[in-house]
1. Say we look at the range 72-106 and pick out the residues that are of a type outside the set (Asp, Glu), in contact with a strand residue (DSSP E or B) (Cβ under 8 Å, 6 or more places away or on another chain) and part of a loop (DSSP other than H, G, I, E, B); which of these is nearest to Leu37 (Cα to Cα)?
2. Scan the range 245-252 and tell me whether some residue there is in contact (Cβ under 8 Å) with a residue 40 or more places away in the chain, within 30 Å of Gly149 (Cα to Cα), in contact with an Asp or Glu (Cβ under 9 Å, 6 or more places away or on another chain) and among the β-branched types (Val, Ile, Thr).
3. Would you mind finding the one in Arg118, Arg106, Arg102 that is at pLDDT 90 or above and more than 27 Å from Asp31 (Cα to Cα)?
4. With the structure loaded, tell me whether Ala137 is closer than 28 Å to Asp24 by Cβ, of a type in the set (Gly, Ala, Ser) and in contact with a strand residue (DSSP E or B) (Cβ under 6 Å, 6 or more places away or on another chain) or whether it fails that test.
5. Can you tell me how many residues in the range 50-68 are of a type outside the set (D, E, K, R), over 16 Å from the mean Cα position of the chain (by Cα) and modelled with pLDDT under 95?
6. Of everything in the range 87-123, what is more than 16 Å from Val65 (Cβ to Cβ) and acidic (Asp, Glu)? Give them in sequence order.
7. Can you say whether Leu44 is under 16 Å from Arg104 (Cα atoms), in a helix (DSSP H, G or I) and not acidic (Asp, Glu), as far as the supplied structure shows?
Amino acid sequence: MDERQAREVAENLDTDPELLPYLDELLADLDELGCNLERIVEALRGLQLPKGSRALDLACGKGAVSLALAERLGCEVEGVDLFAPFIARARALAERRGLESRCRFRAVDMRQALDRARALDVVIYSAVGALGAHDQAVARMRQAVRPGGLIVIDDGYLDRADAIGSEGFAHYSTLAVTRARLTAHGDRLVHETLLRDEDRGPEQSEETELIRQRARAIAAREPEAAALVNRFVAQQEEECAFLDAHFISALWILERAADPA
């Protein structure tokens with residue numbers, strides 16, 4: 001990976017390029033990497049997604065969603081992610097589960113994948129960021145989806161407009177504003193799941209603890225990397241605190257409208 005690619009990967013993962021050699025180990029215990037796998041699969045099942053549907057899974061990480069769609073719903077899925085170690089793990093999992101014929105994984109930028117994709121049945125994206133605010137993300141995604149196809153965004157919104165978090169949350173707003181942005185291009189909102197306060201579990205803090213344990217092991221083995229990995233843990237803790245305080249997880253599915261004649 002050259003310096004430019006390292007910067008792009010780090011930007012997409014909201015981290016320091018110097019951390020990339022340790023990132024796979026730091027996140028080794030997190031298979032789903034923050035996405036809501038069961039929620040996505042069940043929502044698409046409820047919308048009666050036909051078997052054989054062609055899907056693109058953006059920033060697919062280790063391929064959890066892609067593999068589930070292929071295995072449970074019979075989709076033909078391409079998963080893309082810039083971080084090559086994640087793609088290697090996804091390919092290994094696909095082979096182990098006998099899904100390599102229905103799941104293809106490529107280490108490419110999601111924007112490049114969207115630029116070349118056309119007339120897909122489903123495009124899936126967990127967490128807005130690299131594609132801009134929700135309206136900008138939908139604008140990019142809908143170009144790759146056929147009219148009547150589905151745009152899936154597994155993300156969330158802020159509990160109040162003046163909530164201030166890290167730079168990674170600059171694109172977020174309240175539920176009303178987010179809904180308006182999602183439907184700004186005329187697409188129809190056909191599914192919405194909002195995570196209620198009483199449904200919130202300890203997953204974020206548990207995941208942070210797993211990362212913390214991995215960081216300790218790295219620091220003990222490579223003392224020169226201690227400051228770097230500990231800073232990453234601190235960033236995760238800060239983000240977790242913000243999520244717990246102000247962020248409401250949500251899943252939205254849009255049905256892509258036909259373009260005006």
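The values are calculated or read from the model by the stated rules, or taken from the named source; none is laboratory data. As the structure is a computational prediction, the values presented were derived from the model and not from experiment. When we count neighbours, we look across all protein chains shown, and the Cβ atoms used for this are built from the backbone with ideal geometry, even at glycine.
1. As a first pass, look at the range 72-106 and keep what is of a type outside the set (Asp, Glu): 72-75, 77, 79-80, 82-94, 96-99, 101-106.
In the following step, the residues that additionally are in contact with a strand residue (DSSP E or B) (Cβ under 8 Å, 6 or more places away or on another chain) were identified as 75, 77, 79-80, 87, 90-91, 94, 102-106.
Filter once more, keeping what is part of a loop (DSSP other than H, G, I, E, B): 75, 102.
Details: Cys75: 15, Arg102: 18 Å.
Out of the qualifying residues, it is Cys75.
2. Yes, that holds for at least one residue.
3. Arg118
4. Working: closer than 28 Å to Asp24 by Cβ: yes; of a type in the set (Gly, Ala, Ser): yes; in contact with a strand residue (DSSP E or B) (Cβ under 6 Å, 6 or more places away or on another chain): no.
No: the conditions fail for Ala137.
5. Kept after step one, since they are of a type outside the set (D, E, K, R), are these residues of the range 50-68: 50, 52-53, 55-56, 58-61, 63-68.
Subsequent filtering for residues that are over 16 Å from the mean Cα position of the chain (by Cα) retains 50, 52-53.
Then keep just the ones that are modelled with pLDDT under 95; that gives 50.
The qualifying residues number 1.
6. So the first thing to find is which residues in the range 87-123 are more than 16 Å from Val65 (Cβ to Cβ), and the list is 88, 92, 95-96, 98, 100-101, 107-109, 111-112, 114-119.
Answer for the range 87-123, where residues must be more than 16 Å from Val65 (Cβ to Cβ) and acidic (Asp, Glu): Glu95, Glu100, Asp109, Asp115.
7. Numbers: under 16 Å from Arg104 (Cα atoms): no; in a helix (DSSP H, G or I): yes; not acidic (Asp, Glu): yes.
No; evaluated as a whole, the condition is false for this residue.
For every residue, the table says whether it meets (1) farther than 23 Å from Leu194 by Cα; (2) in contact with a Leu (Cβ under 9 Å, 6 or more places away or on another chain).
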| position | (1), (2) |
| --- | --- |
| Leu30 | no, yes |
| Gly46 | no, no |
| Ala59 | no, yes |
| Val77 | yes, yes |
| Arg89 | yes, no |
| Ala92 | yes, no |
